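Engineer: Sharing a structure, written as structure tokens. Questions coming.
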Amino acid sequence: MVLTRLTERWELFMTELFHLPALPLEFKTVMVATALLGWAACCAQGPVPSHCNAAERTFISAKMQKIHTSSAGITYSPSGKVLSICINPEGKSITQMIYRYGAPGNIELEQVASTSARFGIFTRSTSPHTGENIISFNRGSFHYYVTEALGQGRGISLIVYGNGKKLVDLFSGTEQDVDFVSLGDDFEFDFDAIKSPVLVKRAPVDRLD
């Protein structure tokens, strides 16, 4: 019954918009099913996709953008990639943390914090009105930094150094729930007081500004 109503409405819309003739029922059904599947693939995860699975919580997820600097100022363009920090599904203590990066539905890089390879965490002030939380880890000779702006600042940054050179510098944008999501605002997560078997307080060794 629902599919029949949707089919009738979809046919009316297509007919009025594109001046199409009446279609056989099997074609109508395929068109509606295709449209619904397309909507589900596009929108099921909401404005900000996440690489975290059903057995994890999304601590941070952000649609990363390339940064372009010129004499006219700073502009951004989509990279098509999503950065996610995933943690254990329950509790205020963090017993697991996973970094994932890639296009939605296609993880290109994953790094899991462990007792032998702990992620660094650090909080610092960047101005009288702003600060940042920093999550970091090393992968071979490469240093990865995920920062979340605090105070009057907004947004998620990904910075990667290799052999002392900045190789990657991406930013999410500043609009929460559109450019990025963060559990930190509701989680009351204090980087300065955190105790975790897979995290350690560690200041960045590279320049992040």
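Engineer: Would you be able to tell me the number of residues in the range 102-136 that are closer than 23 Å to D209 by Cα and either of a type in the set (D, E, K, R) or buried (at least 20 other Cβ atoms within 10 Å of the Cβ) (or both)?
Structural biologist: Here is the first cut: in the range 102-136, the ones closer than 23 Å to D209 by Cα are 119-136.
Imposing the further condition that a residue be either of a type in the set (D, E, K, R) or buried (at least 20 other Cβ atoms within 10 Å of the Cβ) (or both) reduces the set to 119-121, 124, 132-136.
The qualifying residues number 9.
Engineer: D177 passes all but one of (1) closer than 21 Å to S50 by Cα; (2) of a type in the set (D, E); (3) surrounded by 19 or more Cβ atoms within 10 Å (Cβ to Cβ); which number fails?
Structural biologist: Status for D177: all satisfied but (3).
Engineer: Would a scan of the range 184-202 turn up a residue that is aromatic (F, W, Y), surrounded by 13 or more Cβ atoms within 10 Å (Cβ to Cβ) and in a strand (DSSP E or B)?
Structural biologist: Filtering the range 184-202 for residues aromatic (F, W, Y) gives 187, 189, 191.
Add one more test, that the residue is surrounded by 13 or more Cβ atoms within 10 Å (Cβ to Cβ), and what stays is 187, 189, 191.
With in a strand (DSSP E or B) added as a condition, the list becomes none.
Scanning the range 184-202, I find no residue that is aromatic (F, W, Y), surrounded by 13 or more Cβ atoms within 10 Å (Cβ to Cβ) and in a strand (DSSP E or B), so the answer is no.
Engineer: Right, next: With (1) in the same structural domain as I121 (by TED's automatic domain parsing); (2) at pLDDT 95 or above; (3) over 20 Å from P78 (Cβ atoms) as the list, and S157 as the residue in question, which single condition is left unmet?
Structural biologist: Every listed condition holds for S157 apart from (3).
Engineer: Select the strands (runs of 3 or more DSSP E) contained entirely in the range 40-125, then report the ones holding at least 3 residues which are in the same structural domain as F191 (by TED's automatic domain parsing) and under 12 Å from the mean Cα position of the chain (by Cα). It would help to see each step written out before you state the result.
Structural biologist: On the way: elements: 57-70, 73-87, 97-103, 106-112.
Here the list reads 57-70, 73-87, 97-103.
Engineer: Being under 15 Å from the mean Cα position of the chain (by Cα) and without any contact (Cβ under 8 Å) to a residue 60 or more places away in the chain is the filter here, so list the residues in the range 166-176 that pass it.
Structural biologist: Across the range 166-176, the qualifying residues are T174, E175, Q176.
Engineer: Considering (1) free of Cβ contacts under 8 Å to residues at least 24 places away in the same chain; (2) in contact with a Leu (Cβ under 8 Å, 6 or more places away or on another chain); (3) polar (S, T, N, Q), say which one S116 fails and leave the rest.
Structural biologist: (2)
Engineer: Residues of the range 154-173 being touching a Gly at 6+ places or on another chain (Cβ under 7 Å) and either over 19 Å from I67 (Cα atoms) or not polar (S, T, N, Q) (or both), which ones?
Structural biologist: Scanning the range 154-173 gives G155, F171, G173.
Engineer: Name every residue in the range 140-158 that is of a type outside the set (S, T, Y) and closer than 14 Å to S84 by Cα, in order of residue number. Lay out the reasoning, then the answer.
Structural biologist: Pass one, the range 140-158, residues of a type outside the set (S, T, Y): 140, 142-143, 146, 148-156, 158.
Of everything in the range 140-158, those that are of a type outside the set (S, T, Y) and closer than 14 Å to S84 by Cα turn out to be V146, E148, G155, I156, L158.
Engineer: Quick one: how many residues across the range 50-101 are touching a helix residue (DSSP H, G or I) at 6+ places or on another chain (Cβ under 8 Å) and surrounded by fewer than 19 Cβ atoms within 10 Å (Cβ to Cβ)?
Structural biologist: First pass over the range 50-101, keeping only residues touching a helix residue (DSSP H, G or I) at 6+ places or on another chain (Cβ under 8 Å): 59-60, 92.
Going one step further and asking which of them are surrounded by fewer than 19 Cβ atoms within 10 Å (Cβ to Cβ), we end up with 92.
So the count comes out to 1.
Engineer: Between a residue in the range 137-165 that is outside any strand (DSSP E or B) and any residue that is surrounded by 19 or more Cβ atoms within 10 Å (Cβ to Cβ) and hydroxyl-bearing (S, T, Y), which pairs come within a Cβ distance under 6 Å, given they are 6 or more apart or on different chains?
Structural biologist: Matching pairs, first to second residue: G155/S172.
The values are calculated or read from the model by the stated rules, or taken from the named source; none is laboratory data. Quantities reported herein were computed from a predicted structural model and do not represent experimental measurements. Positions of Cβ are backbone-derived with ideal geometry, glycine not excepted, and every protein chain shown enters the neighbour counts.
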